[in-house]
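Structure record follows, encoded as C-alpha cells.
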Amino acid sequence: MTLSPQSTPSELTLELQAHINRLSESGGGRLEVPPGLWVCGALELKSGVELYLGQGAHLRASDDPEHYLPVGGNDLAVTANDRLCAMLWAREAENIAVSGPGILDGGGDADSCPDWKTAQGMFRPAVAYFEDCRDIRIEDTRIVNSKWWTLHLRRCQDIRIRNITMDNTWPNSDGIDPDGCRDLIISDSRLRCGDDCIVIKSTKGDASENAVITNCLLETPKACFKLGTESFGDFRNILLSNCVLRGDVGFGLYLKDGGCMENIRGMNLIFDTASEWPVLIDAMARDYQSGKPAGVIRNVCLSDCTLKGPGRVWIEGPEDQPLETITLRNLDWDVTAPVSQPPATKPTGSARTRIDPDRPKYEDQPEHILAIHTRGLRVENVHLHGCDGDRPLLYTS
C-alpha cells in the first residue's frame, strides 16, 4: 500500500478504509502502515483484517469531531462521555488484529492535558472501541496519548492482548476496559495511564468472566487493577498474577449496581502504593437512598504479595448481604507511615456515588485490615513491619 504524505486526514481515512474493505471482502489479510506520521479519523476494522504498524509508522487520531461517527453510548449517571467515538472501531467482526512495532496515537499529548473538570466537556474519542467481536489480537504495539478509555472492548470474546506499551496522561484515559467480555488474556505489557490501568466493567449488564492478567507493569495515579464501578452484571473467574502495581489503588473491587463478583484471585503481586487504601473490596450501593442492592461478592483471595506503602485494607459489604469467603494469605507489608489521623475518608470508587453521611466511621479504626459485614474471612500469615508495623491487625464488624 502506498500512502501520500500530502493526503488530508479525510483523504487518508477514506484511503485506509478502502484498503480495509477490500481485504475483508477478499477473505482477510494484513494492512501495513508504512513509516511516517499519518493523521486519520475513524477507521472500521473488519473481519479477517490485521492492522500492522511497521517500524517507524505513527498513526495519529484526528482532533476534528467531523471525522468520527458515534459508535456507542454510555449512561451519564454512571460514567462520563455519553457519545462514544473511536479512532479504530469494529462491530460483530471476527479475527481482527492490531500489531507491529509502530505507534498508535490517540492525539492527547501530555502538554495539552486538561484538568478533570475541563476534560468532561471535551470531544474525546477512544483509541479503539470493539463491540460484539470475537477472536481479537492486539500485540507488540505502542499506544500513546489516549484522551479517553484507550481500548474499550464491549461484549467481546476470545481476546489476546500481549506485549503492548501504553503511555497516557489525560483524565479518564483508562488503559484497557473489557466490558462484559469473556475469555480474555492480557500479558507481558507495560501500561502507564492517567486513569485506571485495567478495569473490568459491566456497563450494560453483560457478564465479565474468564480473564487472566499476568506479567504486567501497571502505573497510574488511580487504580492499577479494578473491577466495577460500572457493575450491572456478574464478574467471575478472574485472575491477576505476577504483576507490579504502582498507583493509588493496587487491587480494587467495587460492586455498586447489582450483580455478583465471585472467584476473583490476586497472587504473586508487588504493590508500591502511596494511598490510604491500596486494597479495596467494596459492595456498597452507588446511592445509599436508592434502595437498590449493590450485589454479592464472594470467593475472593489475595495471596503471596509484597506491599510497600502507608495504606491499609478496606473490606465492606452491606449488613443484610455480607461478603462471603474473603481470604488474605501470605502478605508481607512494609508499612511506611502511621495510620492516618481522623478524619480518614472512605473511598468511593467513583465520583458518581452517594455515601450515607450518618454511617459509622469505620475508617477511624486504627487496625490495618477493616472487615465490615464479612462472613468467612480468612487472614493467614500476614506480616506488618516498618514505620507502623506493630499496629493492630484486624477489625471486624
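Assorted remarks:
- Acute angle (nearest 10 degrees) that the helix 9-25 long axis makes with the longest principal axis of the chain, alpha-carbon atoms: 90
- Between the residues GLY28, TYR52, VAL382, the greatest Cα displacement towards the positive end of the dipole of the chain, with unit charges on the Cβ of Lys, Arg, Asp and Glu, is found for VAL382.
- Under 5 Å, built H, 5+ apart or other chain: amide partners of MET284: LEU255
- If the segment from ASP132 to GLN55 were pulled out straight at 0.36 nm per residue, it would be longer than the present Cα-Cα gap by 24.7 nm.
- Multiplying the residue separation of GLU11 and ASP183 by 0.36 nm and removing their Cα-Cα distance gives an extension gain of 58.2 nm.
- ³J(HN,Hα) computed for each position of region 376-382 - Karplus, 6.51 cos²θ - 1.76 cosθ + 1.60, integer Hz, glycine/proline x: x, 6, 10, 10, 10, 6, 9
- Where the Cα pairs of region 58-396 fall when distances are cut into 20 Å bins, in %: 33, 58, 9
- Placing R0 at 56 angstrom, the Cβ-Cβ distance between ARG354 and GLU25 gives a FRET efficiency of 0.65 after rounding to 0.05.
- Top positive-direction residue, dipole computed over the chain with Cβ charges, set THR353, GLN321, HIS67: GLN321
- In the elastic network of the chain, a GNM with C-alpha springs shorter than 10 Å, the most mobile of ASP358, ASP158, ASP167 is ASP358.
- Dipole check for region 1-136: with +1 at the C-beta of Lys and Arg, -1 at the C-beta of Asp and Glu, and the Cα centre as origin, the magnitude is about 120 Debye.
- Taking every Cα-Cα distance in region 196-297 and sorting them into 10 Å bins starting at zero, the pair-distance distribution P(r) comes out as 17, 48, 30, 5, 0 percent.
- Largest mean-square fluctuation among GLY228, GLY121, GLY54, in a Gaussian network model of the chain whose springs join Cα atoms under 10 Å apart, belongs to GLY121.
- In a fully extended conformation the segment linking ARG160 and GLU367 would gain 70.5 nm over its present Cα-Cα distance, using 0.36 nm per residue.
- Report note on the peptides 99-106, 313-320: ranked by the mean count of other C-beta atoms within 10 Å, highest first, their order is 99-106, 313-320.
- Packing-based order for 384-390, 130-136, 27-33, using average beta carbon neighbours within 10 Å, highest first: 130-136, 27-33, 384-390
- Spin-label model, ASP388 to VAL212: label points 7 Å out along the Cα-to-beta-carbon direction sit 3.8 nm apart.
- ³J(HN,Hα) computed for each position of region 254-269 - Karplus, 6.51 cos²θ - 1.76 cosθ + 1.60, integer Hz, glycine/proline x: 10, 9, 10, 10, x, x, 9, 10, 8, 6, 10, 10, x, 8, 6, 10
- Summary of packing: across the peptides 257-266, 273-282, the per-residue average of other C-beta atoms within 10 Å ranks them, highest first, as 273-282, 257-266.
- When the pairs LYS201/LYS292; LYS308/LYS346; LYS204/LYS292; LYS46/LYS256 are compared against a 23 Å limit on Cα-Cα distance, LYS46/LYS256 fall above it.
- When SER231, SER187 are sorted by how many other C-beta atoms sit within 10 angstrom of their C-beta, beginning with the fewest, the order is SER187, SER231.
- If you run the Gaussian network model on the chain, springs between alpha carbon atoms under 10 Å, then out of THR118, THR229, THR306 the most flexible one is THR118.
- For the chain, size of Cβ-based charge dipole, Lys and Arg +1, Asp and Glu -1, in debye: 300
- Distance from region 225-240 to region 329-391 (C-alpha centre basis), Å: 21
- For LYS222, the residues whose amide H sits under 5 Å from its own are ASP248, ignoring neighbours fewer than 5 places away on the same chain, with H placed 1.01 Å from N.
Bear in mind these aren't lab numbers, they're just calculated from the coordinates by the rules spelled out. Every value quoted in this text rests on a predicted model; they were computed, and no experiment measured them. We place every Cβ from the backbone using ideal geometry, glycine too, and count neighbours over all the protein chains shown.
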